[in-house]
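The values are calculated or read from the model by the stated rules, or taken from the named source; none is laboratory data. Keep in mind that this is a model prediction, so the values were computed, not measured. Here the Cβ positions follow ideal geometry from the backbone for every residue, glycine too, while neighbour counts run over all protein chains shown. These accessible areas exclude ligands, DNA and RNA; they are computed on the full protein's heavy atoms, side chains included. Shrake-Rupley method; radii C 1.70, N 1.55, O 1.52, S 1.80 Å.
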Amino acid sequence: MVLPEIFKGIALFTPGGDLVYCYDRRKQLHWHSHLCVALQELLHLPEPPHFLIPGYTATVDRWFCANEKQVKTLAELYPPLKRYQPLLNAVFEVEDLLWQTADWIEEACNPIILETYRAEFPQLWENHDLIVCLSGDRPQEPLTGLLWTPTNETETPETHQGYILRLFVAGNSATTKQTLQTIHQLLEQELQHPYTLKLVDISKHPEEAEIHQVSATPSLVRVWPKPVRRIVGELEDLPRVLQLITT
């Protein structure tokens, strides 16, 4: 994805470290409230988690300064997100930008108040290794997943209560998006167990392909439960894919 030279970018994190973000070249169509709705859909929350605003938000603005005749960038985040600056720089393609820290708003960001939501929204305190870009100029446009996965695994499979799956692809093509949509639909409709599905672009993360012994794409790998199972290509055969996952 190549971002336009002039745009507004907004990001919303969860306390667990998941990220939903978007960029808006018109600078007026996307707001953090739209990202709250996206989180509701992605994590199956009872309602949009507007209580994450503004404490878990970040905003970057790139504009052309007529006086200085150059493109300028201003980026701001709240204190809980300072450790995510390298990730924000990567998704918004702003290289080594130094983000300004916004003033803490006690009545809106009080961690004691935020903690009262944990029982009703436990998914927000879990880490799903989720990084999702809300693309397009319309806030309600379907979500598309960013092809990214951490290089360091943080989950412990033995404590996982469901399936851990990896879908290895090469590039963010229309075929990749269709494959992701097909697999996601299969899992949602047919797999009667919790699962974690991570999308890995081997062109960006070749080390992940080596670790999981993937030599061709698309490949679906069941990491957990053991034994590890793989299916290379032929992902259109959905009964076979489901059998691979569940047996």
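General observations
- Segment 24-54: number of residues that are open to solvent by less than 20 Å² (accessible area, probe 1.4 Å) and either in a helix (DSSP H, G or I) or modelled with pLDDT under 90 (or both): 8
- Residue within segment 16-23 that is in a strand (DSSP E or B), on the phi < 0 side of the Ramachandran plot, aliphatic (A, V, I, L, M) and surrounded by fewer than 17 Cβ atoms within 10 Å (Cβ to Cβ) present: no
- Some residue of segment 58-79 being over 19 Å from LEU19 (Cα atoms), out of contact with any Cys (no Cβ under 7 Å at 6 or more places or on another chain), basic (Lys, Arg) and open to solvent by less than 80 Å² (accessible area, probe 1.4 Å): yes
- Qualifying residue in segment 113-129 (condition: open to solvent by 50 Å² or more (accessible area, probe 1.4 Å), over 29 Å from ARG25 (Cβ atoms) and touching a Phe, Trp or Tyr at 6+ places or on another chain (Cβ under 6 Å)): yes
- Taking the criterion of being over 20 Å from the mean Cα position of the chain (by Cα) and without any contact (Cβ under 8 Å) to a residue 24 or more places away in the chain, the residues of segment 45-96 that qualify are CYS65, ALA66, ASN67, GLU68, LYS69, GLN70, LYS72, ASP96.
So that you can scan it fast, the table gives a plain yes or no per residue for (1) at pLDDT 75 or above; (2) closer than 20 Å to VAL20 by Cβ; (3) in contact with a Phe, Trp or Tyr (Cβ under 9 Å, 6 or more places away or on another chain):
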site	(1), (2), (3)
LEU134	yes, yes, yes
PRO139	no, yes, yes
LEU143	no, yes, no
ILE183	yes, no, no
GLN189	yes, no, no
GLN192	no, no, no
LEU197	yes, yes, yes
VAL221	yes, no, yes
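- Scanning segment 55-74 for residues being assigned to a strand (DSSP E or B) and of a type in the set (Asp, Glu) gives a total of 1.
- When residues of segment 89-112 are limited to those that are at pLDDT 90 or above and not in a loop (DSSP other than H, G, I, E, B), the one surrounded by the fewest Cβ atoms within 10 Å (Cβ to Cβ): GLN100
- Against the numbered list (1) at pLDDT below 75; (2) in a strand (DSSP E or B), PHE168 comes up short only at (1).
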